Every structure is written in structure tokens, then in C-alpha cells.
Amino acid sequence: MLSLNNITKSFSGVFEPVLKDINLSLCEGEFCTLVGANGSGKSTLLKIISGEYYADSGNIRRNGDISQVVQDVNKGTIPAMTMLENMALSRMKTPRFSFYKRHKNEIVEKIKSLNIGLEKFVDQPLEALSGGQRQTIATLMAINSGGKILLLDEHTSALDPKMQVMLMKYTVKSVREHGLTTLMITHNLDDAVKYGDRLIMMHKGRIVVDVKGRKKAELKIQSLLEMFHRFEDQSLLHEGGEDVN
Ligand code: ADP
Ligand code: MG
């Protein structure tokens with residue numbers, strides 16, 4: 001469904017490659033969580049998959065359209081347009097005015113059914129809404145836009161704890177219902193352990209942990225934390241060593 005072979009990516013001015021020989025295949029309907037320290041290359045990996053960036057080398061195969069929630073939700077929406085306009089546009093493949101009318105009722109019904117009071121804002125420009133509300137809307141847009149591959153970049157980071165749980169539950173239910181092949185970046189290790197069939201951890205541009213199946217189901221947050229610290233400590237030691245030389 002999605003496969004990356006020997007992907008590398010550097011940015012000018014950044015000393016080390018940001019992605020180093022990444023190999024990753026997700027099969028259809030696989031739900032994979034992605035964790036790793038800030039700067040480890042998670043967002044860059046998603047941007048390569050979505051086509052926002054080109055890799056320097058390697059190749060990528062995508063077997064289906066992509067839907068995504070980018071880390072900066074303002075970039076994935078049109079803040080000056082209303083919530084309803086944004087949501088209708090996210091479903092559009094060919095721009096036609098009748099399209100907007102056709103989807104309007106269905107979108108409003110869907111928002112009401114979530115029962116979180118968002119329907120009050122359908123005619124408000126997105127820029128008038130809070131960051132958390134915008135993240136929720138961006139997620140609804142991504143999940144309902146018809147793509148078979150779903151990329152989520154910290155899509156619950158601006159939400160309060162109650163909304164975080166609500167949106168994660170909605171995400172998981174939708175991923176399963178629509179059989180979406182999903183790659184979900186999160187800093188919430190609880191969520192990373194609890195949800196999905198597979199977990200990968202990135203460290204300095206490489207995939208350093210990849211667990212699936214029974215191992216994933218039995219993974220405990222404590223052992224994930226230990227792995228996380230082991231990689232971070234190793235690189236601190238390494239950097240310390242270089243300073244001495
Ligand atoms: P993460 O999402 O894991 O926090 P990113 O993929 O956003 O990490 O970034 C990884 C590294 O690549 C960082 O050091 C970041 O500064 C650098 N980087 C990301 N995007 C760019 C860019 N467009 N230009 C230059 N450097 C970038
Ligand atoms: Mg990021």
C-alpha cells in the first residue's frame with residue numbers, strides 16, 4: 001500500500017542528513033504509530049510520503065490517495081474561509097459550486113453527531129477558532145476526504161485532555177471503519193502503545209525500533225520509555241565524546 005526504499009533527505013545548511021536510508025512498508029489497512037524525539041525526522045518523513053518534499057535518493061510507492069493533518073494546521077486549511085467552506089472544499093476533486101451545496105447538509109449532520117458543540121461555528125472563519133478546534137476540524141477533513149492513506153502529524157497536540165481522548169477515539173474508529181493505511185506521529189507514548197498494529201521509533205533520521213503483531217500488543221509504556229531514553233542517552237554520550245576530541 002505504501003513503501004519507501006532507501007530514502008535519504010538532506011537540507012542545505014543542516015549538517016547531517018535528516019533521513020538516512022529509510023526503508024518502510026505498510027500494508028493495506030495497517031495502523032502504525034510513529035514516535036521519536038524532536039528533530040528526529042518524523043515530520044520530514046511524512047512530507048516525503050505526501051509529496052511535499054522530494055527525497056534526495058531512494059524511491060516511494062503509494063497505492064492510493066493521501067489524506068493528512070499537517071503539524072501546522074493553518075497550512076492545511078484556509079483560515080479566512082469558514083469551517084463549512086473548508087470542510088466542503090476538502091472533499092472536492094473538481095471545483096464546482098454545486099459540490100458545496102451537495103455536501104453542506106451531510107457535513108453539518110456529521111459535526112452534530114460528534115456532540116461536541118462544533119456546529120455553532122460552521123459559518124465562522126477558521127481563524128476565529130481555537131487551535132484545538134482547528135485541529136479537530138482538520139482531522140475530520142482528513143478522515144472524510146476519501147484518501148486511503150492517512151498521515152497524522154501530532155494531530156491532537158493542541159487539545160485539552162478530554163478532547164484528546166475524544167479525537168483519538170474518533171480517529172481509531174474511523175481508521176478501522178474505512179480501512180485506512182495510517183501513519184500517526186504522536187508524543188503521547190500512552191496513545192502510541194495503546195493504538196495501532198505497529199509502532200516505529202525514529203532517532204536521528206533512522207528507524208531504530210519497529211514492533212508489530214503480538215510484540216506490539218504486549219508493549220508496555222515503561223519499556224517504550226526505556227528505549228526512548230536509551231537512544232537519547234547514547235547520542236548524548238556520543239556527542240560528549242566528540243566535544244572532548
Ligand atoms: P520532527 O518532526 O521529528 O520533530 P522534523 O522532520 O521536523 O523533525 O525535522 C528534522 C530536522 O530537519 C530538524 O533538524 C529540522 O530543523 C530540519 N528541517 C526540517 N525541515 C527543514 C527545512 N524545510 N529546511 C531545513 N531544515 C529542515
Ligand atoms: Mg514534527
### Message
Need one number: % antiparallel among DSSP beta bridges in the chain, to the nearest 5.
### Response
50
### Message
With 13 Å as the cut-off, how large is the P(r) tail for the stretch 102-174, expressed as percent of Cα-Cα pairs?
### Response
67
### Message
Past the 20 angstrom mark, what percentage of all C-alpha to C-alpha distances in the stretch 139-245 do you count?
### Response
49
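Suppose we look only past 27 Å in the calculated P(r) of the chain. What percent of the Cα-Cα pairs does that tail hold?
Value for the chain (Cα pairs over 27 Å): 39 percent.
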### Translational diffusion of the stretch 1-109, µm² s⁻¹ [Kirkwood Rh, Cα pairs; Stokes-Einstein; 10 °C; 1.306 mPa s]
97
### Gyration tensor (Cα) of the stretch 63-189, equivalent ellipsoid semi-axes in angstrom
21, 18, 14
### Task
Just read off the accessible area of C27 with the full protein assembly in place, 1.4 Å probe, to the nearest 10 Å².
80
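Can you flag which of K148/K194; K112/K194; K47/K204 are past 25 Å Cα-Cα?
K112/K194
The values are calculated or read from the model by the stated rules, or taken from the named source; none is laboratory data. Since we're looking at a predicted model, the values are computed, not measured. To get the accessible areas, we keep the full protein, side chains included, count just its heavy atoms, and leave off ligands, DNA and RNA. Shrake-Rupley method; radii C 1.70, N 1.55, O 1.52, S 1.80 Å.
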